[in-house]
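What follows is a single structure, written as structure tokens, with notes after it.
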Amino acid sequence: MLTNGNRQSVAPGQVIFAEGEAGDCAYLIESGIVEISTSRASGSIVLARLHAGDLFGEMALIDHGVRSATARALEATTLAVIRRDQVLRKMDAADPLIKLFLRVLLRRLRETSSRVDASLVSGAMMESEQTRDDTGFRRLREQAMGILEREQRLEEALWMGEFKVFFQPMVELATGRAAGFEALLRWHQPDGTVLEAEDFIGLAGDIGLMGELTRLVLERACAAIMPLQERVGRRAFMSLNLSARQLGEPEVIEEVLAALQTSGVTADHLLVEVTEGVLIDDPVRVGAALRRLKVHGVSAGVDDFGTGYSSLSCLQRFPIDVLKLDRSFVAALADGGGSPKIVRAIARLSQELGLVTVAEGIERVEELALIRELGYDLGQGFLFAPALPLDEAMAIVGTPFFDPASTAFVG
Ligand code: CMP
Ligand code: CA
Ligand code: CA
């Protein structure tokens with residue numbers, strides 16, 4: 001047998017490998033003929049004759065078992081050799097469910113042939129699949145089942161209406177009145193657990209449900225703008241969060257426009273929030289999507305600003321209208337840590353660039369006072385209101401959240 005890197009030449013009649021041996025590569029036949037045979041109690045049985053383009057030796061490669069049959073060249077044969085590490089790297093990256101399918105398939109194939117053989121000889125029972133489970137296989141099965149269960153739960157949840165869109169007011173710091181709302185997708189599970197969009201949107205994308213969830217948020221958010229605006233008593237905007245993956249979907253722009261049209265809301269009421277991380281990771285695609293939205297009149301905001309490593313100057317490359325300072329800055333300020341100078345500088349520069357500034361995560365009266373002092377336009381946080389169902393949000397936004405003259409908090 002002549003080996004040349006990834007290629008092997010085999011002479012006619014030569015055994016490539018024998019049944020029962022360990023094996024760590026598979027072969028693709030480039031030319032020639034390979035006979036696959038197995039020895040049974042009744043004698044040797046030819047299982048297959050393989051030709052150019054056929055693959056063999058894949059079973060032992062995948063499951064680390066022994067060769068299930070003998071391979072012999074029937075004429076001068078050339079083989080391309082596939083090493084285990086080349087395949088395993090790809091298999092490791094595969095979905096656990098696919099891996100489980102492959103392992104089960106292989107195991108069944110091996111067991112079926114040995115059962116058929118055993119029953120021919122003595123009718124003896126083979127050990128069950130369960131008793132032969134090794135820990136690696138058990139772990140893979142548990143992992144795959146866990147994912148499958150979560151995926152099926154997610155599908156079920158959509159049917160059962162467990163996804164809700166809640167609304168959190170953004171308050172104008174000069175007047176204490178609501179200026180807009182952030183629409184937030186939540187998964188209310190029957191056991192009372194509430195998950196936020198970031199906990200399940202990735203999984204939803206993996207199983208093809210992201211479009212459905214995006215449409216749900218768009219529909220509910222657009223339908224809520226006018227009723228909320230009417231309660232506030234002046235113009236109000238609606239903001240919603242889109243991930244890189246959502247913005248990367250080619251249909252997303254059409255879906256935004258369709259939701260606006262159905263609800264009769266004009267595009268200038270809508271703000272799309274993307275996190276700073278998303279802008280840094282996928283600037284080309286996300287930038288293109290934001291620009292297309294901008295053409296139609298939809299504004300964009302950068303969310304969680306200050307957590308990534310972008311700068312205000314780099315934000316200028318995107319059509320950004322709103323900057324949301326990450327909540328960690330607000331918390332640090334009132335604790336006496338953090339740097340009021342940086343927080344003020346961000347506000348000043350943003351205003352110079354014509355951006356509306358929002359401070360998120362305002363929970364205490366002292367935080368509100370500091371953020372107002374530092375010159376932010378809008379504030380959002382539990383001090384005013386958590387994200388609420390539409391009717392509850394409607395009930396509280398008719399009056400100011402605080403008295404701007406006295407800075408006395410009336411919420
Ligand atoms: P492996 O078990 O690694 O080594 C023997 C190979 O023979 C096996 O992988 C398969 O590629 C091949 N093989 C086993 N059973 C059959 C069959 N019934 N028909 C065709 N090829 C087989
Ligand atoms: Ca947000
Ligand atoms: Ca945020």
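The values are calculated or read from the model by the stated rules, or taken from the named source; none is laboratory data. Bear in mind the structure is a predicted one, so any value in this text is a computation, not a measurement. We place every Cβ from the backbone using ideal geometry, glycine too, and count neighbours over all the protein chains shown. The area values use the complete protein model at the heavy-atom level, side chains included, leaving out ligands, DNA and RNA. Shrake-Rupley method; radii C 1.70, N 1.55, O 1.52, S 1.80 Å.
The charge dipole of the chain, taken about its Cα centre with unit charges on the Cβ atoms of Lys, Arg (+1), Asp and Glu (-1) only, comes to about 800 debye.
For the stretch 1-95, the equivalent ellipsoid derived from the Cα gyration tensor has semi-axes of 22, 18, 11 Å, listed largest first. With a cut-off of 13 Å between beta carbons, the residues surrounding Thr262 carry a summed charge of -1, where Lys and Arg count +1 and Asp and Glu -1. Tell me the carbon and sulfur percent of the accessible area for the stretch 1-74, rounded to whole percent, probe radius 1.4 Å. That fraction is 53 percent.
For Ala48, the amide hydrogen comes within under 5 Å of the amide hydrogens of Ile36, counting only partners 5 or more places away or on other chains and with H modelled in the peptide plane.
Packing here is the average count of other Cβ atoms within 10 Å per residue, and on that basis the peptides 267-274, 344-351, highest first, run 267-274, 344-351.
Convex hull of alpha carbon positions in the chain: directionally averaged projected area 28.4 nm².
What number comes out for the charge environment of Phe237, summing +1 per Lys or Arg and -1 per Asp or Glu over other residues with Cβ under 12 Å away? That sum, taken over residues with Cβ under 12 Å, equals -3. In summary, the aspartates and glutamates within cross-link reach of Lys324, defined as a Cα separation below 14 angstrom excluding same-chain residues under 8 places away, comprise Glu172, Glu182, Glu273, Glu276, Asp303, Asp304, Glu360, Asp377. Packing, as the average of other Cβ atoms within 10 Å across residues, places the peptides 35-47, 176-188 in the order 176-188, 35-47, highest first. In this structure, the amide hydrogen of Ile16, modeled 1.01 Å from its nitrogen in the peptide plane, lies closer than 5 angstrom to those of Ala71, Arg72, Ala73, counting only residues at least 5 positions away or on a different chain. For Ala157, neighbours were defined as the other residues whose beta-carbon sits under 13 Å from its Cβ, and their charges (Lys and Arg +1, Asp and Glu -1) total -4. Loop-located chymotrypsin sites (Phe, Trp or Tyr not before Pro) across the stretch 307-411 with a Cβ neighbour count of 11 or fewer within 10 Å are Tyr309, with loop assigned by DSSP.
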